[in-house]
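Let me begin by presenting the structure, written as structure tokens, before commenting on it.
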Number of protein chains: 6
Amino acid sequence: MQLSARNVIAGRITAVKLGSVEAEVSLELSPGVVVTSVITRTSAERLGLKEGMEASAVIKASDVMLAVE
Amino acid sequence: MQLSARNVIAGRITAVKLGSVEAEVSLELSPGVVVTSVITRTSAERLGLKEGMEASAVIKASDVMLAVE
Amino acid sequence: MQLSARNVIAGRITAVKLGSVEAEVSLELSPGVVVTSVITRTSAERLGLKEGMEASAVIKASDVMLAVE
Amino acid sequence: MQLSARNVIAGRITAVKLGSVEAEVSLELSPGVVVTSVITRTSAERLGLKEGMEASAVIKASDVMLAVE
Amino acid sequence: MQLSARNVIAGRITAVKLGSVEAEVSLELSPGVVVTSVITRTSAERLGLKEGMEASAVIKASDVMLAVE
Amino acid sequence: MQLSARNVIAGRITAVKLGSVEAEVSLELSPGVVVTSVITRTSAERLGLKEGMEASAVIKASDVMLAVE
């Protein structure tokens, strides 16, 4: 499957925290570069997400804001 | 300034492509990990974005989807 | 590839309109149910999107608002 | 009321699942085409959402990604 | 029509800037509080948006980030 | 810090409601103009958000939809 989202970045899951409706997942993209994702709990269980698993972060280019000092 | 967005990841701008309305900016977060951002051209000019400049990617956790093979 | 996005709905492309920066794509999900997507022109060309092609709409559950009369 | 969102698609609610802060609502757009929405619990209660009720899915065109095999 | 989006804030349009694909609309919510919206040009023309017109800003609660000094 | 998001609007927090994974925060931008934000509970605690505190609403222009009667 190919996606229109511009950012599909491979990484490894380092933590999964399940809430009542949502789940918080940490994904290491490279040493020291970790991104946090909040998805629905149903999706986290459907994908069987676990610590140590390989997964990709999928982010639309228009959802990436920029900040400068 | 502190932001509620969970992901504020420092990087370096590797490319800025100005369109009529929008600007496409590539940001290297670490060697080989590059994220693409599309913002309005007005914002790119307001922030004075240029190749080589330090900038951070700001991404809400709910805007990070996950994919597994 | 499996996605955390809750909505992956198969359809057929009925129109592709390329702008300078963006592309507007119409996707028929079922007879009379058409959804419009705006993606970057680069992505539309990368995916080789054409009228008549099969494609899926990928929509996060948190991006679907509801309206009632 | 007219909205700038390009996609306003009529359907019928087939399920409502309430969480502590959020609610998960399934909406059938046509036979076999169901979209899932996650909104705040407060909104679900404010709109009085119930199974069997008519409602529309409101989705910005820029929130519809595309996937091809 | 009632919307699940938590923020429906009435205002008056103070500027409309039409681009090739998009339109940039400024909406005054109260004296000195102006919000900028970028929608597709097609939507701006469909809604007939003009300076001085009454309109509401519709913003999902999950799209409002917070910043503190 | 300067952000690419077009809307950075100063206000005062009037309410904070904590859920298991998320928090609902009300921010008064001017007398009678209140915006509601839903962020992760972790972020609300990290920023130490409390009633009466000064904070800014940060909203991308592309996340502001418009409605007209």
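Every read-out reported here was derived from the displayed coordinates using simple, explicitly stated rules and does not represent laboratory data. Every value quoted in this text rests on a predicted model; they were computed, and no experiment measured them. Using ideal geometry, Cβ is built from the backbone for each residue, glycine included, and neighbour counts are taken over all protein chains shown.
Given H placed on each backbone N at 1.01 Å, which residues far from C:A5 in sequence or on other chains put an amide H within less than 5 Å of it?
B:L66
Go through the stretch C:34-68 and name the GluC sites (Glu not before Pro) that are in a DSSP coil and have 11 or fewer other Cβ atoms within 10 Å of their Cβ.
C:E51
Using a basic spin-label model with each label point 7 Å from the Cα along Cα→Cβ, how many nm lie between D:E69 and B:V68?
2.2 nm
Hey, what do the phi angles of the stretch D:51-58 turn into as Karplus ³J(HN,Hα) couplings, whole Hz, using 6.51/-1.76/1.60 and θ = phi - 60°, x for Gly and Pro?
4, x, 6, 7, 7, 10, 8, 10
Given the options D:V21, D:V58, D:V34, state which has the largest fluctuation in a GNM of chain D using a 10 Å cut-off (strictly under) for Cα springs.
For chain D, modelled as a Gaussian network with Cα springs under 10 Å, the answer is D:V21.
Taking only Cα atoms and a 10 Å spring cutoff, compute GNM fluctuations for chain E and point out the largest among E:V38, E:V16, E:V25.
Fluctuation is largest for E:V38.
With all distinct Cα pairs included, what does the Kirkwood hydrodynamic radius of chain C come out to in Å, to one decimal, could you say?
Result for chain C, one decimal place: 13.0 Å.
Please list, ordered by chain and number, the residues whose modelled amide H lies under 5 Å from the amide H of F:A55; skip anything fewer than 5 residues away on the same chain.
F:G11, F:R12, F:I13
Which residue, B:L18, B:L47, B:L27, has the most motion in a Gaussian network model of chain B that connects Cα atoms within less than 10 Å?
Sorting by GNM fluctuation, first place goes to B:L47.
What is the distance in Å between the Cα centroid of the stretch F:14-50 and that of the stretch A:11-69?
Distance between centres, Cα-based: 22 Å.
Can you work out the Karplus-derived ³J(HN,Hα) for every residue in the stretch C:33-41? Use 6.51 cos²θ - 1.76 cosθ + 1.60 with θ = phi - 60°, whole Hz, and x for glycine or proline.
So the Karplus estimates, Gly and Pro as x, are 10, 10, 10, 9, 10, 10, 10, 6, 4 Hz.
Under a point spin-label approximation (7 Å from Cα along Cα-to-Cβ), what is the F:E28-E:E28 distance to one decimal in nm?
Each label point lies 7 Å from its Cα, and together they span 2.2 nm.
For the stretch A:8-69, state which trypsin sites (Lys or Arg not before Pro) are in a DSSP loop and have at most 16 other beta carbons lying within 10 Å of their beta carbon.
Within the stretch A:8-69, the qualifying trypsin sites (Lys or Arg not before Pro) (loop, at most 16 other Cβ atoms within 10 Å) are A:K50.
Given +1 on the Cβ of Lys and Arg, -1 on the Cβ of Asp and Glu, and no further charges, what dipole in debye does the protein assembly as shown carry about its Cα centre, rounded to the nearest 20?
Its charge dipole is roughly 0 debye.
Residue by residue through the stretch F:5-13, what is 3J(HN,Hα) from phi via Karplus (6.51 cos²θ - 1.76 cosθ + 1.60, θ = phi - 60°)? Round to whole Hz and write x for glycine and proline.
4, 6, 10, 10, 10, 6, x, 10, 6
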